[in-house]
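Values in this text are rule-based calculations from the coordinates and carry no lab data. Just so we're clear, the structure is a prediction, and the values are computed from it rather than from any experiment. All Cβ positions, glycine included, derive from the backbone under ideal geometry; neighbour counts span all protein chains shown.
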Amino acid sequence: MPNIKASILSVKSDAKRHAKNAAEKSRVRTAARRVLEAIESGDVDEAKSCLRLACKTIDQAAANKVFHKNCAARKKSRLARKVNALAK
C-alpha cells in the first residue's frame, strides 16, 4: 500500500475503474456467447436478435472506452459473419 496520498487515491480509483471495465467486458462476452449458442442451435431468428443486442452491448463498451473502436468493429464483424453464414 502506498504512503503518498495521491497514490492511495490512485489505487482506489484504479480498483473502481477495473471493476467497471471487468463488468462491461463480462457483459460483452455474455452477449457474444448468446449469439454463438443461438448459432449452434441453428435458430436463425434467435441468432439475429441476439446479434442486435450483442452489437448494442459492444458499441456501448466502445463508447465507454473499454474497447477500442476497431476492436469493437472486429468483434461485431466476426459475429455477423457467423450469423450470415447460418442464414444462407
Residue count for the stretch 38-60, restricted to those that are surrounded by fewer than 20 Cβ atoms within 10 Å (Cβ to Cβ) and of a type in the set (Gly, Ala, Ser)
3
For the stretch 20-37, give me each residue that is touching a residue at least 40 places away in the same chain (Cβ under 8 Å) and either loosely packed, with under 11 Cβ neighbours inside 10 Å or over 16 Å from residue 64 (Cβ atoms) (or both).
32, 35, 36
Before we move on, is residue 17 under 13 Å from the mean Cα position of the chain (by Cα) and either free of Cβ contacts under 8 Å to residues at least 60 places away in the same chain or at positive phi (or both)?
no
Regarding residue 74, is this residue under 12 Å from the mean Cα position of the chain (by Cα) and part of a helix (DSSP H, G or I)?
yes
Within the stretch 48-85, track down each residue that is within 21 Å of residue 21 (Cβ to Cβ) and of a type in the set (Val, Ile, Thr).
57, 58, 66
